[in-house]
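Report on the structure given below.
The values are calculated or read from the model by the stated rules, or taken from the named source; none is laboratory data. The shown structure was predicted, so the numbers you read here are calculated from the model rather than taken from an experiment. Every residue, glycine among them, receives a Cβ derived from its backbone with ideal geometry; neighbour counts consider all protein chains shown. Side chains included, ligands, DNA and RNA excluded: accessible areas come from the protein's heavy atoms. Shrake-Rupley method; radii C 1.70, N 1.55, O 1.52, S 1.80 Å.
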Amino acid sequence: MAIDLYSSCPCGSGKKFKWCCQPIHVQIDKAFQQDQEGQHDAALRMMDDVVKEHPGNPEAWGRKALLLYNNERVDEAESALQKAFEINPNYPFGHLLRGLFRQHEGEIQGALLLFRRAAELYDPEAKDVLAQVYSLIGDSELKLNRPVAAHAALQVCQRLRPSDELGQDLEALFGPSSRLPAAARRHYTFQSPPREATPDKRNGWSQALAGAATGKLTDAARVFEQLTKDDARDAAACYNLGLARAWLGDNPSALAALDQYLSLENDEQRAAEAWALAEVLRFGQGMEDQADYVDHSATFQVREPQRVFSFLEDWQRERRLTGVQVREQEGMITGIVLDRTGLLTTAGASAQPARMGAYLLVLGNQILLLRGTNQEAVNRAFQEIQERLGPALSEARLARGPANFGDTLAEALVFPVGATDQAIAQQQIREHVQRYFEETWLHRPLRSLGNVAPIDAAGHPVLRKKLLGVVQFLEECAAGGTEPYDFNRLRHKLGLQQGAPAAAPAEQPSAAALDIDALNTADLGGLKTETLSEAQLEQAWRAAQRLDAQELASHFARQMVARPPSAERPDRFSWYTFLVQRALAEGNKDAALEYINAGEQADSEQNEGRRRNDYELRRGEVLAKRGEAEAAHEVFDRLVGSAPAELRYAGKAAESMLGIKQGAAALKFAERGLAKSREKNDRDSEQYFMELVAAAKKQVG
Ligand SMILES: [Zn+2]
């Protein structure tokens, strides 16, 4: 424990070590020497003497506490440390030592707070011990999934006491071959003061920057906090406040400052970068309520390892477990549980790709852990394991915590377990990623967008900037992975691409070469429908629906039904029924009825009337909605009479009649359905019709 003679004394007196505690350290060093040589009692006796001679020196008590702790006399160590704090509550070594005690107990958060306090209290010249403190801070921040704060702390450590070893660690953690997304390892810097800043402001600004360079981040945060209070429109100060807090590992308030910054920053690129940083902060421990990705886990104790292993083998054979890796030296098995809901049970479905369920980990024959970001999928896997293994495992302990950055892509993953052809497997993977982002993700409200879905955020001035950051972050997370997806497709879909023409080019060169699925709303609106094939028109109709562009979808549907009959697509029910639905949604019941008439006529002329009953069902429903009870009743009567085995007709008829308070008619249809479902021994339908009967009886009174 060599302490530089001319550095500030670790007791916190503010004097140089040589002129302060160095004399008592001669005896202290001797005690620690004895302890190392195995003479523990003699060492402790010597420390008692030191304390007796210098009862008012916190350093004497602090070193005694350390020696006691090294001898596993934890309670006595704590009380000796307490004595030191009674003399000087700002005793820096005391905070460091107490932090080490907490760390040893596995209390990372508590330890980190004490290390941060020690870093603030130590004299900036006490470089060796400060380097040690910053290294501890960096390690703790990494454990709490806060790479930006860890990066900042380890860089301070490297500046204080440069070492090749730390340099290599920094390179591995944050260098180009790092597994972290770019936003989590980028070299962030403070922004300069605004051009119109007063000299006073510039002065405060540069003081903050200078302080931050030596690791005094709390001072820098305080300065920028004041600057944002003085001028709430100061974008650069908001950004710097957010960054200083992120470096301090204070993710919630860093996020608040970045949120304010986003509303002020007009440069889209800078704004996007800041919001990608905000995405990283949401992955920190304690940010679960603000994160769009949260890890859910179930941990079991393994009671009968043999049964567990043979079960895992069965699961592998059943293609429920894939990518299994056994690391014998570490006593570790890892794999991916595939989600059963993605696997169809019917014959021939084995070629269907399966979805990610949960990650599985078995440690040293003792612990089995399931984890993943899809809570339902993890629960399904957990319940199945519990059912199949019973007493071979303990009860599970369920927990929730920060997700890994790689988990952002988990839902985009698909496992073509049944595909034997490599090319088909690749295609399934590609198509699934595409569908996930462009059909599912696009419509999902995100916490990072204030619970607004990406498709809706694109049109909002501030949310648009955030959305750019969210997409950038996703792209960075995907960069290291194997999922081939061009995020410019997504940007284009969302209308986020700068400079790109909003509408499709006027001369639509070759309709055959069009990638309709990649078009956004504006592109779709610009399509010349007369040049499209039927298949393309159908594709455009579906694409518009996925983008929630109902007007546009109606336009395509109207175009389609206006086309002359085609042998390729004789059945136009889905188009007509879509138009009926839209007309009803717009309150135009006459138009709805006209579409039914037109559709039914086309069906009898071109499709041999195969859809006749479907149209009749719609007709009954629309008539009921128009309040024409008698006419509706008549249509339903005819329909149920002509196809008595179709339980859904009776059900829909009863529901429709209930909806317009025609209890007696509803009861008639419900009872017919009930009798039929009993005849067919269909329990679910029976239950359903019993409920309908009860509701109808209530209406009759
Ligand atoms: Zn001292």
>> Need the list of lysines near residue 216 for cross-linking: C-alpha distance under 27 angstrom, and skip anything on the same chain fewer than eight residues off.
In response: 15, 16, 18, 127, 143, 201, 229
> Can you work out ³J(HN,Hα) from phi for every residue in region 174-189, in order, using Karplus 6.51 cos²θ - 1.76 cosθ + 1.60 and θ = phi - 60°, giving whole Hz and x for Gly and Pro?
Replying inline: 10, x, x, 8, 4, 8, 6, x, 3, 5, 8, 10, 4, 8, 7, 9
>> Can you classify region 594-700 as rounded, prolate or oblate using the Cα gyration tensor, where a ≥ b ≥ c are the square roots of its eigenvalues, rounded means a/c under 1.5, and otherwise it's prolate if a/b beats b/c and oblate if not?
In response: oblate
>> Using a 1.4 angstrom probe on the protein heavy atoms only, could you order 108, 596 from most to least accessible area?
In response: 108, 596
> Taking only C-alpha pairs under 8 Å that are 6+ residues apart, what is the relative contact order of region 594-700 in percent?
Replying inline: 19 percent
> All other residues with a Cβ under 10 Å from the Cβ of residue 602 taken together, and with Lys, Arg as +1 and Asp, Glu as -1, what is their net charge?
Replying inline: -2
>> Compute the helix-to-body angle for 251-264: its Cα long axis versus the longest principal axis of the chain, expressed 0 to 90° and rounded to tens.
In response: 60 degrees
> About its Cα centre, what dipole magnitude does the chain give when the only charges are +1 on Lys and Arg Cβ and -1 on Asp and Glu Cβ, stated in debye to the nearest 20?
Replying inline: 800 debye
> Rounded to a whole number, what % of the accessible area of region 621-701 do carbon and sulfur atoms account for, probe 1.4 Å?
Replying inline: 49 percent
> Given H placed on each backbone N at 1.01 Å, which residues far from residue 452 in sequence or on other chains put an amide H within less than 5 Å of it?
Replying inline: 446
> On a 0 to 90 degree scale, rounded to 10, what angle separates helix 663-679 from the longest Cα axis of the chain?
Replying inline: 80 degrees
> With charges set only on the Cβ (+1 for Lys and Arg, -1 for Asp and Glu), what does the dipole of region 304-441 come to about its Cα centre, in debye to the nearest 20?
Replying inline: 100 debye
> Counting only heavy atoms of protein chains, what accessible area per residue, in Å², does the chain have with a probe of 1.4 Å?
Replying inline: 49 Å²
> So, by mean Cβ neighbours within 10 angstrom, what's the order for 240-246, 527-533 with the highest one leading?
Replying inline: 240-246, 527-533
>> For the chain, what does the helix formula give at 222 nm: sum of -39500 (n - 2.57) over DSSP H segments with n ≥ 4, over the residue count, nearest 500 deg cm²/dmol?
In response: -18500 deg cm²/dmol
>> Tell me which of 375, 592, 519 sits at the most positive position along the dipole axis of the chain, charges placed on C-beta atoms (Lys, Arg +1; Asp, Glu -1).
In response: 592
> Carbon and sulfur atoms: what percent of the 1.4 Å accessible area of region 422-493 do they account for?
Replying inline: 49 percent
>> So for each of 171-177, 205-211, 117-123 I average, over its residues, the number of other beta carbons within 10 Å; can you give me the resulting order with the highest mean first?
In response: 117-123, 205-211, 171-177
> Percent relative contact order of region 35-171, based on C-alpha pairs within less than 8 angstrom and at least six residues apart?
Replying inline: 14 percent
>> Can you order the peptides 462-473, 683-694 by their average number of other Cβ atoms within 10 Å per residue, highest first?
In response: 462-473, 683-694
> Using a Förster distance of 25 Å, how high is the FRET efficiency between residue 332 and residue 399, based on the Cβ-Cβ distance and rounded to 0.05?
Replying inline: 0.80
> In degrees, nearest 10, range 0 to 90: what is the angle between the Cα axis of helix 534-546 and the longest Cα principal axis of the chain?
Replying inline: 50 degrees
>> From the protein chains alone at 1.4 Å, what is the descending order of accessible area for 54, 187, largest first?
In response: 187, 54
>> Restricting to Cα pairs below 8 Å that are 6+ residues apart, what does the relative contact order work out to for the chain? Please round to a whole percent.
In response: 6 percent
>> Averaging over every viewing direction, what projected area does the convex hull of the Cα atoms of region 331-468 cover, in nm²?
In response: 11.1 nm²
>> I'd like the Karplus ³J(HN,Hα) series for region 359-374: coefficients 6.51, -1.76, 1.60, θ = phi - 60°, whole numbers in Hz, and an x wherever there's a Gly or Pro.
In response: 7, 10, 9, 10, 10, x, 6, 10, 10, 10, 10, 10, 8, x, 8, 8
